[in-house]
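J.: Input: one structure, supplied below.
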Amino acid sequence: MYKYLLFDLDDTILDFKTNELVSLRKLFKNHKIDNINEVIKYYLEVNHDLWNQYELGQLKIEEVVSKRFEIVLRKFDYAVDGYVFDQEYRQYLSQGGQLMDHAFEVIETLSKHYDLYVVTNGVSETQRNRLNLCKLTPYFKAIFTSKDIGYPKPHKEFFDYVSQNIDGFNPKEALVIGDSLNNDIKGANDYGIDSCWMANNRINDSAIKSTYTINGLVELLDLLAH
């Protein structure tokens, strides 16, 4: 039986994709950037690539967030201060309280029976602000972010830190729930923790396999009841 539930945030509990698009549109509109749809499409490609480099240990998180807007907007002949743009962008992100379907009621219910923790590769301040906005913070015993730890998921050092900072932690009594096969599921599997992939109606055609698969958080209630 599980005692500890370790939740990823983005696109597991918080609807990051919706929040991201809303925030980018606000940012680019505020700076009178033309062809916003085209710029956003390119941003998503660049941002994905930079985060992959971060998760592989090739970039620091500070480099990701300061470079991405400079790289993207340079292509469209805009010269901007990437750090300043990112600060404004993260302000918009912090104001986004969009949740995945049934997230609040599922977290509230599970908190009565399990110790809940957040394990996220996101920027600490932004993630904490978004959780506060959604009024979910009180349901979690602790929030572990890669920026605070110094290593992202799926690195062993991330999970070492988590295990060392949860009293009495036993990997065999824990379950990681997340939407990323590479970060959440592989990280959990490598550390000897059971994993639950939040598939969001995607097909897993990779070599990384989860202990369980769900397409929505409400399914987690049934899974844990058996």
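The values are calculated or read from the model by the stated rules, or taken from the named source; none is laboratory data. Owing to the predicted nature of the structure, the values given are computational and were not obtained by experimental measurement. A quick note on method: Cβ atoms are made from the backbone with ideal geometry, for glycine too, and the neighbour counts reach across all protein chains shown.
J.: Could you identify the single residue in Lys26, Lys32, Lys41, Lys75 that is closer than 23 Å to Arg202 by Cα, modelled with pLDDT of 95 or more and among the basic types (Lys, Arg)?
T.: Only one candidate passes the filter, namely Lys41.
J.: Taking into account only those residues within the range 134-164 that are among the aliphatic types (A, V, I, L, M) and buried (at least 16 other Cβ atoms within 10 Å of the Cβ), which is nearest to Ala174 (Cα to Cα)?
T.: The extreme case among them is Val162.
J.: Only one of these conditions is not met by Ile149: (1) more than 30 Å from Asp222 (Cα to Cα); (2) among the β-branched types (Val, Ile, Thr); (3) in contact with a strand residue (DSSP E or B) (Cβ under 9 Å, 6 or more places away or on another chain). Which number is it?
T.: Among (1) more than 30 Å from Asp222 (Cα to Cα); (2) among the β-branched types (Val, Ile, Thr); (3) in contact with a strand residue (DSSP E or B) (Cβ under 9 Å, 6 or more places away or on another chain), the lone unmet condition for Ile149 is (3).
J.: Within the range 154-168, can one find any residue that is of a type outside the set (S, T, N, Q) and within 28 Å of Tyr92 (Cα to Cα)?
T.: So far as the range 154-168 goes, yes, one or more of its residues are of a type outside the set (S, T, N, Q) and within 28 Å of Tyr92 (Cα to Cα).
J.: Do you know which of the residues in the range 181-210 that are in a helix (DSSP H, G or I) and acidic (Asp, Glu) is surrounded by the fewest Cβ atoms within 10 Å (Cβ to Cβ)?
T.: Once the filter is applied, the top-ranked residue is Asp190.
J.: Quick one: Arg90 ticks every box in (1) out of contact with any Phe, Trp or Tyr (no Cβ under 6 Å at 6 or more places or on another chain); (2) outside any helix (DSSP H, G or I) except a single one, so which number is it?
T.: The single condition Arg90 does not satisfy is (2).
J.: Could you check how many residues of the range 73-128 are under 19 Å from Leu24 (Cα atoms) and free of Cβ contacts under 8 Å to residues at least 24 places away in the same chain?
T.: Result for the range 73-128: 10.
J.: Are there any pairs with C-beta distances below 8 angstrom linking a residue in the range 29-46 that is assigned by TED's automatic domain parsing to the domain that holds Val72 to a residue that is among the basic types (Lys, Arg) and surrounded by 11 or more Cβ atoms within 10 Å (Cβ to Cβ), with the two at least 6 apart or on different chains, and if so which?
T.: Ile36/Arg25; Ile40/Arg25; Tyr42/Lys75; Tyr43/Arg68; Val46/Arg68
J.: I would also like to ask the following. Would you please list the contacts, defined by Cβ atoms under 8 Å and residues six or more apart or on different chains, that run from a residue in the range 135-155 that is more than 19 Å from Asp115 (Cβ to Cβ) to a residue that is in a loop (DSSP other than H, G, I, E, B) and hydrophobic (A, V, I, L, M, F, W, C)?
T.: Lys147/Val123
J.: So, one more: Identify the single condition in (1) in contact (Cβ under 8 Å) with a residue 60 or more places away in the chain; (2) part of a strand (DSSP E or B) that Thr213 does not satisfy, given that it satisfies every other one.
T.: (1)
J.: Look at Arg128 and say whether it is surrounded by 16 or more Cβ atoms within 10 Å (Cβ to Cβ), modelled with pLDDT under 95 and not assigned by TED's automatic domain parsing to the domain that holds Ile214.
T.: When the stated conditions are applied, Arg128 does not pass them.
J.: Of all residues in the range 123-146, which are assigned to a loop (DSSP other than H, G, I, E, B) and either of a type in the set (Asp, Glu) or in contact with a strand residue (DSSP E or B) (Cβ under 7 Å, 6 or more places away or on another chain) (or both)?
T.: Cys134, Phe140, Lys141
J.: Follow-up question, since we're still on this one. Suppose we keep only residues that are touching a helix residue (DSSP H, G or I) at 6+ places or on another chain (Cβ under 6 Å) and among the charged types (D, E, K, R) within the range 138-196. Which one would you say is farthest from Leu59 (Cα to Cα)?
T.: Asp148
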